[in-house]
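Participant: I'd like to ask you about the structure that follows.
What follows draws every value from the coordinates through simple rules; no lab data is involved. Source: prediction; values computed, not measured. Every residue, glycine among them, receives a Cβ derived from its backbone with ideal geometry; neighbour counts consider all protein chains shown.
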């Protein structure tokens, strides 16, 4: 069973915790992780692209010339695709790119991503993170004190913390997520994970079984 040291915000060891093998020693399946990242990115696509076909483009109500006798090919409208300003053939239309994956696949992918981060030594566990106001500088100092300054960091907390979330919002490489929002894409997108002790317990409770929900 793997263990992880718990540190204070001053980067001093305050204890250690045993990690759930089901969550942090899971097989790292690249195919499942790839499928889940594709699902997440597809869901984020707006799908608002649109073109006009010959049914909706304006104009073209009358035949440009008579059917026979002109010596030219017959034409029914000047808004046919072969005409200038005509409609588009098989152009993109608004659609949703979202597709489903089984919950077991998504859970296995997230467990694999967390196991990979642990194996690489990229998870830092702290007692708690508390801010008394909206102070971006305080977040920068906090990360530097934990030897995470200049790193791409995903901060995982138990529940919502408006002070921390808004204070870190201006830092381009720092993301704050509650346990319910932890997902494969953000775990892999950030080089380091900073997790509070209570959030770790919630993650293990959420992923230890097969029935779980994700906000992503």
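Participant: Neighbouring Cβ atoms within 10 Å as the yardstick, rank 111, 138, 45 fewest first.
Facilitator: By the 10 Å Cβ count, ascending: 45, 138, 111.
Participant: In deg cm²/dmol, rounded to 500, what helix-only [θ] at 222 nm does the chain give when every DSSP H run of at least 4 residues adds -39500 (n - 2.57) and the total is split over its residues?
Facilitator: -9500 deg cm²/dmol
Participant: Roughly what % antiparallel, to the nearest 5, for the DSSP beta bridges in the chain?
Facilitator: 25
Participant: Over segment 1-99, with a single point scatterer placed on each C-alpha, what log10 of the ratio I(q)/I(0) does the Debye formula yield at q = 0.10, 0.11, 0.12, 0.14 1/Å?
Facilitator: For segment 1-99, the Cα-only Debye profile gives -0.61, -0.66, -0.71, -0.81.
Participant: How long are the three semi-axes of the equivalent ellipsoid for segment 112-187, computed from the Cα gyration tensor as the root of 5 times each eigenvalue, in whole Å, largest first?
Facilitator: The three semi-axes for segment 112-187 are 20, 14, 11 Å.
Participant: Counting other C-beta atoms within 10 Å, which of 48, 8 has the fewest, and how do the rest follow?
Facilitator: Starting with the residue having the fewest Cβ neighbours, the order is 48, 8.
Participant: Further question: Give me 20, 152 ranked fewest to most by other Cβ atoms within 10 Å of their Cβ, as a rough exposure proxy.
Facilitator: Taking fewest neighbouring Cβ atoms as first place, the list is 152, 20.
Participant: Then there is this: With N set to the number of residues, divide the alpha-carbon radius of gyration of segment 66-210 by 2.2 N^0.38 Å and report two decimals.
Facilitator: It is 1.81.
Participant: Kindly provide the pair-distance distribution of segment 11-54 built from C-alpha pairs, with 5 Å bins from 0 and whole-percent values in order of increasing distance.
Facilitator: Each 5 Å bin holds this share of Cα pairs: 5, 13, 11, 12, 12, 11, 10, 10, 5, 4, 3, 2, 1, 1, 0.
Participant: Output the 0 to 90 degree angle, nearest 10, between the alpha-carbon long axis of helix 197-207 and the longest principal axis computed from the alpha carbons of the chain.
Facilitator: The helix 197-207 is inclined about 50 degrees to the chain.
Participant: May I pose another question? Between the helical axis of 136-145 and the dominant principal axis of the chain, each derived from Cα atoms, what acute angle in degrees is found, rounded to the nearest 10?
Facilitator: Helix 136-145 sits roughly 50 degrees off the main axis of the chain.
Participant: Per the Cauchy relation, a quarter of the hull surface: what is the mean projected area of the convex hull of the alpha carbons in segment 40-140, in nm²?
Facilitator: Convex hull of Cα atoms, orientation-averaged projection: 14.8 nm².
Participant: Let me ask you something else. For helix 103-119, report the angle its Cα long axis makes with the longest principal axis of the Cα atoms of the chain; keep it between 0 and 90° and round to the nearest 10°.
Facilitator: Taking Cα atoms only, the helix is inclined about 50 degrees.
Participant: So if I take the centroid of the Cα atoms in segment 158-182 and the same for segment 18-81, what is the distance between those two points in Å?
Facilitator: 34
Participant: Any idea what the relative contact order of the chain is, in percent, if you count C-alpha pairs under 8 Å spaced at least 6 apart?
Facilitator: Taking the mean separation of contacting Cα pairs over the length of the chain, I get 24 percent.
Participant: Can you give the relative contact order of segment 144-201 as a percent, counting alpha carbon pairs under 8 Å and 6+ residues apart?
Facilitator: 47
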